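Undergrad: Pasting in a structure now, in structure tokens, and then I'll have a few things to ask.
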Amino acid sequence: MTFQNIKGTFDILPDAYTDEGGTRVAPSAEWRYVEDTVRDVMSRYNLDEIRTPILEPTELVARGVGESTDIVQKEMFAFKRGDTNYVLRPEVTAPVVRAFLQHHLEQRGGVQKLFYIGPCFRAEQPQKGRYRQFHQFGVEIMGTDDARADAETIAIMTAVYDALGISDTSLRINTLGRPDRREEYIDAFQDYLEPYADELSETSRRRLERNPLRVLDTKLEHEQAILQDAPKLIDFVSDESRAHYDRVKGLLADLDVPYEEDPYLVRGLDYYTETTFELESEALGAQSALAGGGRYDRLAEVLGSDEPVPAVGFAAGMERLFLALDAADVTLPGARQADVFIAALGEEAERWVFRTTQELRDAGLHVALDLKGRSLKAQMKEANRQNADYTLIIGGNELEAEEATVKDMKSGEQAAVPFKSLVEFLKEERSVEAV
Ligand code: AMP
């Protein structure tokens, strides 16, 4: 019996493959390309990378994500060892805020603009676009309550999808205002739902008690119908909050970032304030959320800070991004192909090839060779499989003449190239005919 990966996790292999659920898993070179693109966008927007541990104290997540959330209630991979409670991080905002406070990043001066890429873990029911180990990239802009930070966060998020050629996205935005006005909203919301109490699902009834705003997240059609005329947050927020929201909308318009207002878009917890947003792709079906985020001006205090640290950020799922790339038929560059494959015939040639391979690699070439002592025919087949531009054939005659037989794999033409001009020849990608 051999081992299988854990359900809800997946391997990223040199080649693409289809998983049990029928989803294409992109090869490692495409993951790298996407990660490089994310890093490139982040650098254009002047963000610095932050890397925090996969393991965090469970209490950080319980507080930072919120006791009443599904994540903390039922999706944490948490365990105890000795006296410490560990959790595999289910998201990265709380860890980033922890690191910010622990290392006093505010002392670097100015606004801290941070991004991350890495794995997250949630014990969810695995399905297409929903995994137990998945990957997020995201941004946290910390230390400012300026509306430009909200607009810039949203612009960074959409810039990643634009840079990758994913255009069928839709951005929804809303404002939650500040927590001091939310009680009033929640009262009105609960009053509104009272007559429908019997029609609500078990889940929504539970949420109504613990975390009322989350009722608005329902996916059930009959509940969505009930909610159609529910009170809107925007009618309860303060004038300052409304002005902040108007500024964000104006800035998005200035940047030509299209958006739709969704008065019922929410995040369930108190430390979320003001702007909230979500990016979706129709093409993704049930798991349509590509990325989401918002302002969280109260989180630092929830995590023990004496001072408020106004901040805004987003988190995006890499697996969903790949689904959107597939849906948009975007082809990404694959792995770098070998410049040259060196076939060796006989023991002496093998030694020469092994040594010369190193020299060519030191010169920056991508060189492949046989490590199994196979026949020339098998080596030529391997050269084809590796898609090398050239194959060098080295046997006794070549060693004696100090010239390599070079085959141009595209044209099939062959020529003799002196050993001493090999690097030059291969680096300049000369055609064999020109020798
Ligand atoms: P959240 O932290 O729940 O707001 O999630 C942010 C983004 O991460 C979502 O929009 C998804 O793209 C992605 N995501 C969240 N949970 C999962 C999961 N279990 N599997 C894959 N992607 C996920």
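The values are calculated or read from the model by the stated rules, or taken from the named source; none is laboratory data. Because the structure is predicted, anything quoted here is derived from the model rather than measured. Quick reminder, even Gly has a Cβ in these numbers, built from the backbone with ideal geometry, and neighbours come from all protein chains shown. Side chains are part of the model used for accessible areas, which takes the heavy atoms of the whole protein and leaves out ligands, DNA and RNA. Shrake-Rupley method; radii C 1.70, N 1.55, O 1.52, S 1.80 Å.
Undergrad: Among all the lysines, which ones have a C-alpha under 30 Å from Lys377's C-alpha, if same-chain residues fewer than 8 places away are not counted?
TA: Here the lysines satisfying the reach criterion relative to Lys377 are Lys407, Lys410, Lys420, Lys427.
Undergrad: Shape call for the stretch 82-209 from the C-alpha gyration tensor, a ≥ b ≥ c root eigenvalues: rounded (a/c under 1.5), prolate (a/b greater than b/c) or oblate?
TA: rounded
Undergrad: Amide H of Ser288: which non-local residues (sequence gap of 5 or more, or other chain) have their own amide H closer than 5 Å, using H built in the peptide plane?
TA: Those lying under 5 Å, H to H, from Ser288: there are none.
Undergrad: Right, something else. Please give the helix 347-362 orientation as an angle from the longest Cα principal axis of the chain, in degrees from 0 to 90, rounded to the nearest 10.
TA: 40
Undergrad: So how strong a dipole does the stretch 131-194 carry about its Cα centre when Lys and Arg Cβ are +1 and Asp and Glu Cβ are -1, to the nearest 20 debye?
TA: 320
Undergrad: Within 13 Å, Cβ to Cβ, of Leu345, how many net charges do the neighbouring residues add up to if Lys/Arg are +1 and Asp/Glu are -1?
TA: So the surrounding residues net to -3.
Undergrad: For the chain, report the translational diffusion coefficient in µm²/s to the nearest whole number, using Stokes-Einstein at 25 °C, 0.890 mPa s, and a Kirkwood Rh over Cα pairs.
TA: Once the numbers are plugged in, D ends up at 97 µm²/s.
Undergrad: Let me ask something else. Would you mind putting 220-228, 320-328 in packing order, based on average other-beta-carbon counts within 10 Å, highest first?
TA: 320-328, 220-228
Undergrad: State whether the stretch 345-392 is rounded, prolate or oblate according to the following rule on the C-alpha gyration tensor (a ≥ b ≥ c being the square roots of its eigenvalues): a/c under 1.5 gives rounded; otherwise a/b larger than b/c gives prolate, and the remaining case gives oblate.
TA: Cα axes put the stretch 345-392 in the oblate bin.
Undergrad: Hey, can you find the accessible area per residue of the chain for me, probe 1.4 Å, expressed in square angstrom?
TA: Solvent-accessible surface per residue comes out at 52 Å².
Undergrad: On the accessible surface of the chain, probed at 1.4 Å, how many percent belong to carbon and sulfur atoms?
TA: Whole-percent figure for carbon plus sulfur exposure: 45.
Undergrad: Here's a follow-up. Distance in nm between label sites at His222 and Leu13, each 7 Å beyond Cα in the beta-carbon direction?
TA: Going from the His222 label point to the Leu13 one covers 4.5 nm.
Undergrad: Between Arg181 and Arg361, 0.36 nm times their residue separation minus their Cα-Cα distance comes to what?
TA: Roughly 58.3 nm would be gained on extension.
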